[in-house]
Amino acid sequence: GQQVMQIPQYQHVQEGEDFTTYCNSSTTLSNIQWYKQRPGGHPVFLIQLVKSGEVKKQKRLTFQFGEAKKNSSLHITATQTTDVGTYFCAGPRGAQKLVFGQGTRLTINP
Amino acid sequence: NAGVMQNPRHLVRRRGQEARLRCSPMKGHSHVYWYRQLPEEGLKFMVYLQKENIIDESGMPKERFSAEFPKEGPSILRIQQVVRGDSAAYFCASSPVSSGGTDTQYFGPGTRLTVL
């Protein structure tokens, strides 16, 4: 079945460094969504990308959707301690169902 | 507008007991999803429901687990005869009625189930 893979599984950075997580799907996606989960918290929706090659920005976060609509990335510029958490990508499978990647857990040294 | 509500937030059960987890979707949302998350792992889809209908239960274990979303009241995830391996965080998410495509899912705070 459809799989959504994320790398890396863990990433530790110094505060102020950049961070990138990558998401790859075994099949073409109609859209991709990104969520953030703080330690001990619940997933919170960040953004949805729909168009091939789409790039969206939210302050220090940049989201990209690949031309083939099979991969995506999230890049954080100049990380802050508030960026700590696990970032998940998710792609649709069937009607209204999402398949989540394993997540990338970001920790930051202040 | 209240978000997705789940209760209890923490639930402790002994092996063999039953666990009942409740989820009230956001106002105006008619789609409910249940996910399980083991420590340090991702979200595993369990079941997708609309009012009075199970749409997709492909992620539900065949035995001991059941889910419902009645016409009135919250969605219930029921685990019978719990075992230690059922210990996990169970998240409920909801989305609005969609005219097409995949809607954003709004997650509740989760129920942390511990089986002793």
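Counting only other residues whose beta carbon sits under 14 Å from that of B:Pro70, what net charge do I get with K and R as +1, D and E as -1?
Numbers: positive: B:Arg20, B:Arg22, B:Lys51, B:Lys71, B:Arg78; negative: B:Glu52, B:Glu68, B:Glu72.
Net local charge, B:Pro70 excluded: +2.
The base-10 log of I(q)/I(0) for the range A:17-110, evaluated at q = 0.21, 0.22, 0.25 Å⁻¹, reads -1.03, -1.12, -1.37 [Debye formula, identical scatterers on Cα atoms, solvent excluded].
Each residue in B:Leu77, B:Leu113 was given a count of other beta-carbon atoms within 10 angstrom of its own, and listing them fewest first yields B:Leu113, B:Leu77.
Using the count of nearby Cβ atoms within 10 Å as a rough guide to exposure, how do A:Thr81, A:Thr104, A:Thr27 rank from fewest to most? Let's see the in-between values first.
Details: A:Thr81 10, A:Thr104 22, A:Thr27 13.
Least to most surrounded, the residues fall as A:Thr81, A:Thr27, A:Thr104.
Note on A:Gln3 and B:Arg15: the model spin-label points, each 7 Å out from Cα along the C-beta direction, lie 3.3 nm apart. Under a cut-off of 18 Å between alpha-carbon atoms, report the lysines in cross-link reach of B:Lys71, not counting same-chain residues fewer than 8 places apart. Leaving aside lysines fewer than 8 places away in the same chain, those within reach of B:Lys71 are B:Lys27, B:Lys51.
For A:Thr20 and A:Val84 in one chain, what is 0.36 nm times their gap in residues minus the Cα-Cα distance, to one decimal in nm? All intermediate terms of the calculation are to be shown ahead of the outcome.
Numbers: separation 64, 0.36 × 64 = 23.04 nm, distance 1.29 nm.
My answer for the length gained is 21.7 nm.
Distances between every pair of Cα atoms in chain B, grouped in 10 Å steps from 0 to the bin holding the largest one, split as 15, 49, 30, 6, 0 percent.
More than 30 angstrom separation, counting every C-alpha pair in the protein assembly as shown; what % is that? Across the protein assembly as shown, Cα pairs with separations above 30 Å total 25 percent.
What FRET efficiency do you get for B:Glu68 and A:Phe45 if R0 is 35 Å and r is their Cβ-Cβ distance, rounded to the nearest 0.05? Don't skip to the answer; put the middle values down first.
Numbers: r = 26 Å, r/R0 = 0.73.
My answer for the efficiency is 0.85.
FYI, it's all coordinate maths here, none of it is from the lab. This structure is a prediction, so every number in the text was calculated from the model and none was measured. FYI the Cβ positions are ideal-geometry reconstructions off the backbone, even for glycines, and counts take in every protein chain you see.
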